[in-house]
Amino acid sequence: MRKGMFYGLLFTAPAILGFAIFTLGPMIASLVLSLTDYNVFKEQTAFVGLDNFTRLFSGEDELFYKSLGITFYFVVLRVPAVILLSFGIALLLNLNVKGRAIFRTIIYLPSIVPAVASAMIWMWLLNPDLGLINSLLSRLHLPTSNWLYGEGSVIPSVVLTTLWGIGSTVIIFLAGLSGIPRQYYEAIEVDGGGWFRKLSHVTVPMVTPTIFFNTIMTIIGSFQVFNEAYILTQGGPNNQSLFYVFYLWRTGFRDAEMGYASALAWILFIIILFFTFIVFRTSKSWVYYEGGDRT
Amino acid sequence: MSQPRKSVFITLTLVLMLAAVLSACSKSNTASPDTSASSGNSGSKENIKLRMTVWGSPEEVAPYKKAIQNFEAKHPSVKVELQHIAADYDTKLTTMVAGNDVPDIAMMESGTIAFPMAEQGKFYNLQEFLDTDADISPDTLVPNITYSLEPGNVIGIGPGPESFGLFYNEDIFKEAGIEPPPSNVADAWTWDEFVEVAKKLTVDTNGKTADQEGFNPAKIKQYGANISTWWGVYSNFIYSNGGDFISADGKTFGLNQPEAVEALQKISDLMNVHHVSPSPVQSKNIPATNVALQTKKVAMTVDGQWASAGLAQSKFNFNVGVMPVMKEPVTTVVCGMFSIFKSTKHPQETWELLKALLDPEASIDMLTAGTWMPSPKDWYTDPALLAKWTENLDARPSGYKEAIVDVILIKGHQTPTGYVKNFNNIMDLVNPALDKVWLGQQTAQEAMDSIAAKAQAQIKGRRDIKE
């Protein structure tokens, strides 16, 4: 037992150390810094208690609420879209069709394109005057949009661009789907049930753990959206895509207000923690584990 | 039995981590004063190593290398390590400062982190060197290329001043039979004359121009003008109209005042009333100035003189005139600057390096290519020196000397980033509001009034006046 303990620690040490040094350490540092007026360029750093947080919540910093609202809007739009779309695609890719491997590759391909490159592609596609999407729409006599350059359309447009990279979510769904034992489907066939019954009585219940996992990961990822604001919109037009993390980055690295930015980071951490907690709590009623209740 | 041991182990690790993190912090807080204290006596001349950070394209970095070579040849005991940070320069420099790993000399930009750093005393006051140096002084440099935290505290000197001009495609004017923009400042177009010409040169897909009946602004093939919505460009016209970002006493927000509002409104009108210049949305389709002019997507464009490098490579008949004048002819002077960090152990050598970097001989390739302008004044006034970078060059068309060289010396205006305190935070309010103006959704007066109170709260004064 003692020996097992030793080897266990030894072999997990790289992971634990890596986590401690590069994640936990900085987190603790930022928690400490969020209680100070730490400015990178200043010689002296003073402890200011909860001043940073009261400054945030007092309404003095309008961009805090604005960026929070924008980010919530983005999450509300994106999470259902990602889950439904990637689940649908996974269902299709799970069919026994010819060239399945090729389709799977194609769906996954955008996920390995560097974020900057795909952002550039979308900037071209969504260009209001020359872009492919507006050209097609106007050719079909459908209304066009200013997409990323319109105040109302910018967030939906950003959601659209991120849907391109759902390949890894699809892969996880596929793994969940392939874990469903065939005999359940055969049982329904014997009972005379069709495609829809299979989906609603077997497939969906059996992949609820996967849906659960993907939902959590998508919520976390959506709250942390940054690249799109950094590359596509720079927060514009009129601050309508000032995502929370982009605002945080600007505060920390452009204005050098690291203490204040740390406070921002911790608020986001708590928000994400809260939503993850909610999903976990509700999961008891809708996530089904074949091996019993293991949440 | 293993449970407590494990938690002890983890706790121990955490404590060690925390200690390491905190000690790293405190190190950066104490180390700087020590080094600056010892900087006075850098008597030993052996193996001095200076570190320098710059941004820029490879072509722009080449002259730095050349300047460093010249400098090292003259100072055999000094080695210069050039660190080229191509992307996210400010983020990386901020991180370097936080980690107490600071270069001796760095390229800095007045609009971003230079002043926040200077306010915390990170830079040498270059005035001390300028006062005693035999070779250069503020009078030997082009005006408006030194940046000061306050009068008498110079934090950076620009190696390559830049000003703005009205670049145009000569062929478009010839074909339309219109007189091109004058290059002499005395003959400069008024704003109305400029608008009239721009209308004649804005053509829709049916061949109608913007001053004709039946002109379709939704299908423009060629824009008469392109005035971008970057502050660097529109500030020219605010100054020209007698306006400013901040009042002369540094106490009042200036962009909602009549002169500035009028200039902003006139630029917005170009896009939304006269339809002769692309709106911010449309300008996403407008390529870089050289391509836009060459492909006749745009007839004239207000751009920095650095555009002449790309224009020269594009091989077509381009030229440059003076910008239209609202009330007074003015050009905004923008440039990056070299700053010397207080933490350097060798301030004198670093100063010598800075001087070598300002030497136009080292950057002569960039001068002749069209990207840069020299910073010593005699390169503008001495005909022999002036000829070196303005004559018989693709990048220097016939109008260049009058429209750019003459104007920067006599009509140059300091960039707002150089004297408006808290510029970034003010512009965080101004830029989103201006988005609505450029899109024609609000008048300049409405937009600037709507943020005036908040902007006023961000006003912290001017750097160029004593308080």
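The values are calculated or read from the model by the stated rules, or taken from the named source; none is laboratory data. The structure displayed is predicted, hence computed values, not measured ones. Ideal geometry is used to build each Cβ from the backbone, glycine not excepted, and the neighbour counts take in all protein chains shown. Each accessible area value is taken on the protein alone, full model and side chains, heavy atoms only, with ligands, DNA and RNA left out. Shrake-Rupley method; radii C 1.70, N 1.55, O 1.52, S 1.80 Å.
Tabulated values for the structure
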quantity: Which listed residue is in contact with a strand residue (DSSP E or B) (Cβ under 8 Å, 6 or more places away or on another chain), within 11 Å of chain B (Cβ to nearest Cβ) and farther than 30 Å from B:Pro432 by Cβ, from A:Thr23, A:Thr45; calculated: A:Thr45
quantity: Scope the stretch B:280-296; condition within 11 Å of chain A (Cβ to nearest Cβ), buried (at least 17 other Cβ atoms within 10 Å of the Cβ) and over 23 Å from the mean Cα position of the chain (by Cα); matching residues; calculated: B:Val281, B:Gln282
quantity: Long-range neighbours under 9 Å by Cβ, at least six apart or interchain, first residue assigned to a helix (DSSP H, G or I) within the stretch B:282-293, second among the acidic types (Asp, Glu); calculated: B:Gln282/A:Asp129; B:Lys284/A:Asp129; B:Asn285/A:Asp129; B:Thr289/B:Asp303
quantity: From the options B:Ala86, B:Ala62, B:Ala134, B:Ala73, residue that is within 14 Å of another protein chain (Cβ to nearest Cβ), farther than 30 Å from B:Gly461 by Cα and surrounded by fewer than 19 Cβ atoms within 10 Å (Cβ to Cβ); calculated: B:Ala86
quantity: Residue match in the stretch B:369-377 (condition: more than 30 Å from B:Glu179 (Cα to Cα) and either modelled with pLDDT under 90 or open to solvent by 10 Å² or more (accessible area, probe 1.4 Å) (or both)); calculated: yes
quantity: B:Leu357 touching a residue at least 24 places away in the same chain (Cβ under 8 Å), surrounded by 19 or more Cβ atoms within 10 Å (Cβ to Cβ) and in a helix (DSSP H, G or I); calculated: yes
quantity: Count of the stretch B:422-457 residues which are open to solvent by 70 Å² or more (accessible area, probe 1.4 Å) and within 11 Å of chain A (Cβ to nearest Cβ); calculated: 3
quantity: Hits in the stretch B:42-85 - residues which are within 23 Å of A:Asp255 (Cβ to Cβ) and in a loop (DSSP other than H, G, I, E, B); calculated: B:Trp55, B:Ile85
quantity: Scope the stretch A:188-219; condition farther than 20 Å from A:Trp286 by Cα, open to solvent by less than 90 Å² (accessible area, probe 1.4 Å) and part of a helix (DSSP H, G or I); matching residues; calculated: A:Ile188
quantity: Subset of the stretch A:224-265 (residues that are in contact (Cβ under 8 Å) with a residue 60 or more places away in the chain, open to solvent by 40 Å² or more (accessible area, probe 1.4 Å) and more than 14 Å from chain B (Cβ to nearest Cβ)); calculated: A:Glu228
quantity: Scan of the stretch A:137-159 for residues that are in a helix (DSSP H, G or I) and farther than 18 Å from A:Phe72 by Cβ, ordered by number; calculated: A:Leu137, A:Ser138, A:Arg139, A:Trp147, A:Leu148, A:Tyr149
quantity: Residue count, the stretch A:51-87 (criterion: over 30 Å from B:Ala455 (Cα atoms) and either within 14 Å of another protein chain (Cβ to nearest Cβ) or over 18 Å from the mean Cα position of the chain (by Cα) (or both)); calculated: 0
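So that you can scan it fast, the table gives a plain yes or no per residue for (1) open to solvent by less than 40 Å² (accessible area, probe 1.4 Å); (2) under 21 Å from A:Pro114 (Cβ atoms); (3) touching a strand residue (DSSP E or B) at 6+ places or on another chain (Cβ under 6 Å):
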position: A:Pro143; (1), (2), (3): no, no, no
position: A:Val159; (1), (2), (3): yes, yes, no
position: A:Leu177; (1), (2), (3): yes, no, no
position: A:Glu186; (1), (2), (3): no, no, no
position: A:Ser222; (1), (2), (3): yes, yes, no
